[in-house]
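Everything below concerns the one structure shown next.
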Amino acid sequence: MKVIDLRSDTVTHPTPEMRKAMFEAEVGDDVYGEDPTVNRLEAMAAEMMGKEAALFTTSGTQSNLTAVLTHTKHGDEIIVGDEAHMLWYEMGGAAALGGVTIRTVSNDRRGRLSLDDIDRTIRAKDIHYPETRLLCLENTHNRCGGTVLTPDYTNEVCDLAHTRGLKVYLDGARIFNATVALGVSACTLTQNVDSVALCLSKGLSAPVGSLLCGSKDFIERARKFRKMLGGGMRQAGVIAAAGIVALETMVERLAEDHNNARRLAQGLTNIEGITLAQDDIPTNIVMFDLSPELSVAEFFKSLERAGVKVGLRDGRPFRAVTHRMVSSSDIDEALIRIEAVCRRLRCRTSE
Ligand SMILES: Cc1ncc(COP(=O)(O)O)c(C=O)c1O
């Protein structure tokens with residue numbers, strides 16, 4: 001039985017072309033700036049994001065933390081959405097290692113922060129207050145179901161933040177899902193943010209890595225913080241080579257994942273006992289709930305036994321993420337197995 005793993009797009013394996021590129025990669029010591037493959041990947045990412053420079057990091061988490069460290073001083077404050085990945089799943093690194101306080105503003109169902117809330121949350125100049133230094137956005141938004149921030153919205157937030165003296169950082173771990181969904185170039189989404197990170201190891205299928213992009217001066221300073229975090233990686237061209245293949249060949253195909261996510265969502269709405277926890281499915285994330293009479297723990301266990309893995313965390317809706325290693329017929333098969341599990345649970349509760 002094929003296991004259909006919908007926990008995350010991070011489970012994707014490198015493609016044969018990536019493995020070949022890794023095998024053949026020209027390398028050098030990247031801490032000395034001498035790895036030609038890393039240098040090429042960084043230049044590509046900077047160009048795609050419309051920024052002067054980029055830095056190859058080990059992970060999205062390392063990019064996010066490096067960005068916070070570079071934009072702030074110890075004792076500053078940053079604003080993030082209350083559903084932000086940076087807040088929930090990164091070990092409080094910004095506070096623990098950056099010494100910054102993290103202030104939250106509510107994310108709406110589309111992953112946005114309201115301009116009024118942002119305006120109200122930025123500190124006035126006052127002897128009692130820390131300096132609000134940085135505002136962080138997330139596009140696409142993971143916990144808000146892969147929702148997409150538009151260029152207009154992003155630009156409005158940047159205008160407000162810049163007028164109030166803040167920098168803006170965009171956690172763009174899945175920014176290419178946003179560009180594909182909107183049919184725009186990445187630059188359109190990043191033109192006014194001060195820095196942005198993208199991930200190679202999610203829907204783009206590379207094995208490792210993320211790129212933090214910004215001005216030349218910002219990236220020069222970020223490079224020192226990456227070193228401090230243990231992210232100076234020597235012959236990293238071996239993994240950067242897969243990242244180059246990812247950026248060159250894996251972006252457009254994300255549309256397939258989005259189609260499969262919609263196919264999954266459509267099928268789920270036809271299963272008794274399941275309701276979608278989202279208004280629509282803009283990209284590759286589908287969140288759904290079980291009717292209260294069915295046991296979440298039993299559903300989760302039975303589904304895993306039936307060879308379908310989905311995400312379950314913090315009493316939240318279930319999460320299913322589509323990706324390159326799940327085809328449309330896998331989605332149909334997953335729906336058959338999910339339906340069967342629900343039917344069994346329903347029978348048991350009505351006995
Ligand atoms: C929006 C977002 N940002 C950052 C990350 C962290 O990436 P990594 O797992 O590479 O540290 C993730 C991981 O899923 C994410 O979804």
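Brief remarks on what is shown
- Helices that extend 15 Å or more along their long axis by alpha-carbon positions and average at least 0.5 on the Kyte-Doolittle scale are, among the DSSP H runs of the chain, 237-249.
- Annotation for segment 235-302: trypsin sites (Lys or Arg not before Pro) lying in DSSP loop with at most 15 further Cβ atoms inside 10 Å of their Cβ are R253.
- Sequence ranges 311-318, 49-56, ranked by mean other-Cβ count within 10 angstrom, highest first: 49-56, 311-318
- Flagged links, alpha-carbon separation over 19 Å, of K125/K224; K202/K301; K2/K301; K51/K125; K51/K167; K51/K202: K125/K224; K202/K301; K51/K125; K51/K202
- Label point of R313 set 7 angstrom out along Cα-Cβ; within segment 86-111, amide nitrogens under 14 Å from it belong to 86-93.
- Residues whose placed amide H lies under 5 Å from that of V308, excluding near-sequence neighbours: I4
- Applying both filters, DSSP loop and at most 15 other Cβ atoms within 10 Å, to the trypsin sites (Lys or Arg not before Pro) of segment 160-190 gives R164.
- A Cβ-based charge dipole, computed about the Cα centre of segment 190-281 with Lys and Arg at +1 and Asp and Glu at -1, lands at about 700 debye.
- The chain, helix-only ellipticity at 222 nm - DSSP H runs n ≥ 4, -39,500 (n - 2.57), divided by all residues, nearest 500: -13000 deg cm²/dmol
- Residue-wise HN-Hα coupling along segment 109-125, computed from phi with Karplus coefficients 6.51, -1.76, 1.60 (Hz; x: Gly, Pro): 5, 9, x, 8, 10, 6, 4, 5, 4, 4, 4, 5, 8, 5, 6, 6, 6
- Overall form of the chain per C-alpha gyration tensor (a/c, 1.5; a/b vs b/c): oblate
- The stretch between K301 and D217, if pulled fully straight at 0.36 nm per residue, gains 25.2 nm over its current Cα-Cα span.
- A simple packing score, the average count of other Cβ atoms within 10 Å per residue, orders the peptides 186-197, 17-28 as 186-197, 17-28, with the highest score first.
- Under 5 Å between amide hydrogens, built in the peptide plane, is the criterion, and for V105 it picks out V80, G81, D82 among residues at least 5 positions away or on other chains.
- Candidates I239, T188, L229 compared by Cα position along the dipole of segment 186-247: farthest toward the positive end lies L229, with charges placed on Cβ.
- Each Lys and Arg Cβ is given +1 and each Asp and Glu Cβ -1; about its Cα centre, the chain then shows a dipole of about 700 debye.
Each value in this text was obtained by applying a stated rule to the coordinates, not by laboratory testing. Note that the coordinates shown come from a computational prediction; the quantities given were computed from them, not determined experimentally. Cβ coordinates were reconstructed from backbone atoms using ideal geometry, including for glycine residues, and neighbour counts include every protein chain displayed.
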